[in-house]
Amino acid sequence: MSASLPASNPFAKPSTLPFETPDFSRIKDSDYLPALLAGMAQQKREVLAIANNPAPPTFDNTLAALEKSGLLLERANLAFSAVNQANTNDTLQATDTKTAPLFAAHNDFIYLNAKLFKRVKYLHDHQAELNLNPEQAKLLDVYYKQFVHAGAELPASKQTELKALNKRISTHQTQFSQKLLAAAKAAALHVTDPAALAGLSNEQIAAAAEAAKARKLSGYVLPLQNTTQQPSLESLTSHATRQQLFEASLNRAEHGDANDTRAVIRELAQLRAKKAALFGNANWADYTLYDQMAKDRATAVGFLDRLAPAVSAKEHKEAEDIRALARSQGANFEVTPADWNFYADQIRKQRYAIDSDQLKQYFAFNRVLTDGVSYAGNQLYGLTFKERKDIPTWSPDMRVFDVFDQDDKQLAIFMVDPWKRDNKNGGAWMSNLVNQSYLRGTKPVIYNVYNLTKPAPGQPALISYDDVTTMFHEFGHGLHGIFASQVYPTLSGTNVARDFVEFPSQFNENWALDPKVLPHYAVHYKTGQTIPQDLVQKILAARTFNQGYEVGEVLEAARLDLDWHSLPATAPLQDVDKFEADALAHSGYDVADVPSRYRSNYFLHIWSNGYSAGYYAYPWTKMLAQDSFAWFQQHGGLTRANGQRFRDMILSRGNTLDYAEMYRAWTGHDPQIQPYLDFYGLGSAGAAPPPTAEPAAPPPPVETPAKKGERGR
Ligand SMILES: [Zn+2]
């Protein structure tokens with residue numbers, strides 16, 4: 001074990017800044033690695049002491065003790081993850097490379113510890129005598145199931161088999177991502193005749209020439225993006241080039257060479273099915289969904305099946321529009337999905353002409369943040385925000401706010417890192433620098449990261465409507481963290497299932513266009529005039545355009561994912577293309593016009609990025625979000641009372657209740673699909689299947705004790 005951390009390391013003790021916010025003015029890049037290593041060593045000692053404790057197991061000396069362990073590791077890792085993603089450099093990346101496998105091993109050290117499991121199992125088997133409160137019972141359940149899920153209860157022979165399977169699965173997952181990376185790079189479209197690129201802008205053509213140069217090729221290269229559709233397909237005027245690019249995308253890792261991913265896929269699907277069988281599960285989806293809101297394969301598949309009739313009708317309808325437009329322009333070829341975006345973009349411009357530059361004038365970043373996002377937080381939940389300048393951050397452009405509750409008690413610290421930087425990951429996200437826990441006496445320190453363009457000095461940052469939506473989205477995650485009110489960190493705040501975590505964030509997006517919120521922030525940056533109603537109507541109208549395609553391709557991918565992970569262990573190795581074609585043909589969607597967002601051969605989410613049998617979580621949480629927004633609309637819209645109810649029943653609950661019960665308590669019914677379809681203009685849901693749950697009863701009390709549906713780490 002490594003020596004303890006020198007006192008000069010800023011992580012050696014909790015920060016003395018408010019809420020223990022890490023002091024980025026003192027932390028050097030070289031401080032993270034020793035702190036992370038010492039943190040792992042310290043938690044190992046703590047875990048061993050718990051596992052080897054001669055005293056009989058109690059909740060306090062086992063589970064509460066585990067929840068108190070690893071403070072140094074968590075302190076260092078939360079700060080490290082923040083800077084490594086938002087402000088990285090070579091030192092931080094080297095630290096990441098070095099520690100990633102150590103974290104995996106550290107997790108195994110805890111969850112494969114037989115003595116520790118014995119204590120947890122003892123508590124689980126004697127739960128009736130322990131007199132646990134609901135949150136404690138939930139914590140016990142979460143730990144117990146996580147150990148069981150890791151194989152702690154399997155007989156020794158099966159554990160040996162499990163370890164071998166885990167190793168092969170992990171190797172295959174790594175192989176998949178490495179092969180795909182190389183295959184996708186090699187599959188980029190290379191053209192020598194510039195006429196083939198007609199329709200692209202001068203900047204796009206210059207970028208394609210640069211890409212060719214970087215590969216020491218003459219002419220032009222269009223590299224592939226990870227999805228089936230490619231951005232250039234919207235602009236390329238040559239059907240032949242579109243078709244070439246599209247086929248390069250579809251078949252990127254199916255060239256029968258060393259980077260063909262199909263052999264890995266067929267084995268991976270079988271290895272996962274075998275692992276599920278070791279645990280007595282019929283398939284991988286059932287094995288892996290145990291701690292999700294959906295809980296099992298049948299529920300997730302049923303959700304997708306119910307959407308299929310309405311969505312496929314819209315897919316067909318949109319395809320007709322596309323073909324009609326192509327014919328009217330004299331297309332002398334058979335229109336394929338490669339042509340979809342070329343024509344869809346023209347229809348969009350005809351029908352919903354929105355001048356995005358005009359729109360931006362109403363969305364000045366500061367105003368969106370304080371008079372939009374924060375204002376909605378005030379009107380719904382009673383929050384107030386006070387900016388402070390005395391807390392050091394990892395970038396001078398960051399903003400820091402104290403967040404106060406309605407009684408003026410401080411709930412959290414909230415930070416924003418707004419501007420794009422070369423050393424920042426793409427996209428936008430939310431995370432914690434300090435986790436909320438009454439056991440540890442810590443309150444949440446939360447940050448949102450965006451990638452907006454930094455304005456010239458003295459100029460306002462004018463942002464797009466998409467960016468506005470993103471800010472509301474990330475702040476929705478922020479609220480889930482700010483209102484966290486748990487004793488145990490494992491159950492706290494956003495520490496919830498994959499098919500639940502995007503619910504508060506997608507829900508919060510809805511307030512961007514609320515009639516009370518929008519006029520409060522969408523004010524012309526020069527004239528001070530409120531956004532005109534006709535612009536708002538255009539935003540609303542454009543929202544439903546092309547959604548048969550955009551929603552459909554996601555639902556099809558979710559279905560393909562679940563089908564791969566429905567195979568029993570006894571199934572033979574599959575022919576990947578045939579399996580995929582059969583699965584999509586039976587999906588109920590219009591897959592001829594709208595191909596899946598990912599084909600199997602490049603579906604990185606499910607083969608190597610931890611989303612196996614979980615891709616459905618994206619549309620599922622959108623369903624929860626829109627159904628919940630419908631509840632607000634039916635109950636008077638944006639009011640403090642409605643906001644408080646949502647805060648009390650969802651945002652402050654972390655993972656202390658069964659998700660489905662929590663949801664039923666909140667809306668009074670199981671999640672409804674129709675508001676989701678309405679949001680995208682997708683028509684009516686198919687007939688409800690025979691009820692699988694109790695019909696909607698009066699909402700159970702908020703304190704319903706949890707029984708099922710726990711989540712792991
Ligand atoms: Zn999100």
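The values are calculated or read from the model by the stated rules, or taken from the named source; none is laboratory data. Every value quoted in this text rests on a predicted model; they were computed, and no experiment measured them. Note: ideal-geometry Cβ built from the backbone for every residue, glycine included; neighbour counts use all protein chains shown. Side chains included, ligands, DNA and RNA excluded: accessible areas come from the protein's heavy atoms. Shrake-Rupley method; radii C 1.70, N 1.55, O 1.52, S 1.80 Å.
Just so you know, in the stretch 366-381 the residues that are open to solvent by less than 10 Å² (accessible area, probe 1.4 Å) and more than 24 Å from the chain's Cα centre (by Cα) include one that is nearest to residue 514 (Cα to Cα), and it is 380. With respect to the conditions (1) buried (at least 18 other Cβ atoms within 10 Å of the Cβ); (2) modelled with pLDDT under 95, residue 225 lacks only one, and its number is (1). Here residue 482 qualifies as open to solvent by less than 10 Å² (accessible area, probe 1.4 Å), more than 29 Å from residue 343 (Cα to Cα), of a type in the set (Val, Ile, Thr) and touching a residue at least 12 places away in the same chain (Cβ under 8 Å).
Of the residues examined, residue 573 is one that is farther than 21 Å from residue 312 by Cα, touching a residue at least 12 places away in the same chain (Cβ under 8 Å) and open to solvent by 30 Å² or more (accessible area, probe 1.4 Å). Buried (at least 19 other Cβ atoms within 10 Å of the Cβ), on the phi > 0 side of the Ramachandran plot and at pLDDT 95 or above: does that describe residue 617? Here the answer is no, as residue 617 does not meet what is asked. Residue 681 meets the conditions (1) at pLDDT 95 or above; (2) assigned to a loop (DSSP other than H, G, I, E, B); (3) not hydrophobic (A, V, I, L, M, F, W, C) in every case but one. The failed one is (1). Taking the numbered list (1) surrounded by 20 or more Cβ atoms within 10 Å (Cβ to Cβ); (2) assigned to a helix (DSSP H, G or I) in turn, residue 211 passes all entries but (1). No other residue among 492, 464, 431 is among the polar types (S, T, N, Q), away from the ligand (no atom under 16 Å from the Cβ) and either open to solvent by 30 Å² or more (accessible area, probe 1.4 Å) or closer than 22 Å to residue 517 by Cα (or both) apart from 464.
On the basis of being within 30 Å of residue 613 (Cβ to Cβ), part of a loop (DSSP other than H, G, I, E, B) and within 16 Å of the ligand (Cβ to nearest atom), does residue 481 make the cut?
Values: within 30 Å of residue 613 (Cβ to Cβ): yes; part of a loop (DSSP other than H, G, I, E, B): no; within 16 Å of the ligand (Cβ to nearest atom): yes.
Against the criterion (within 30 Å of residue 613 (Cβ to Cβ), part of a loop (DSSP other than H, G, I, E, B) and within 16 Å of the ligand (Cβ to nearest atom)), residue 481 does not qualify.
Conditions (1) within 14 Å of the ligand (Cβ to nearest atom); (2) of a type in the set (Ser, Thr, Tyr); (3) surrounded by 21 or more Cβ atoms within 10 Å (Cβ to Cβ); (4) in a loop (DSSP other than H, G, I, E, B), marked per residue:
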{"site": "407", "(1), (2), (3), (4)": "no, no, no, yes"}
{"site": "414", "(1), (2), (3), (4)": "no, no, yes, no"}
{"site": "446", "(1), (2), (3), (4)": "yes, no, yes, no"}
{"site": "449", "(1), (2), (3), (4)": "yes, no, yes, no"}
{"site": "460", "(1), (2), (3), (4)": "no, no, no, yes"}
{"site": "469", "(1), (2), (3), (4)": "yes, yes, no, no"}
{"site": "472", "(1), (2), (3), (4)": "yes, no, yes, no"}
{"site": "477", "(1), (2), (3), (4)": "yes, no, yes, no"}
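Kindly indicate whether residue 76 is modelled with pLDDT of 95 or more, over 30 Å from residue 121 (Cα atoms), part of a helix (DSSP H, G or I) and in contact with a Gly (Cβ under 6 Å, 6 or more places away or on another chain). Yes, satisfied.
Within the stretch 497-513, being open to solvent by 10 Å² or more (accessible area, probe 1.4 Å), touching a residue at least 40 places away in the same chain (Cβ under 8 Å) and more than 10 Å from the ligand (Cβ to nearest atom) holds for 498, 510.
Are any residues in the stretch 323-354 free of Cβ contacts under 8 Å to residues at least 60 places away in the same chain, not small (Gly, Ala, Ser) and not in a loop (DSSP other than H, G, I, E, B), and if so, which ones? Of everything in the stretch 323-354, those that are free of Cβ contacts under 8 Å to residues at least 60 places away in the same chain, not small (Gly, Ala, Ser) and not in a loop (DSSP other than H, G, I, E, B) turn out to be 323, 325, 327, 343, 346, 349, 350.
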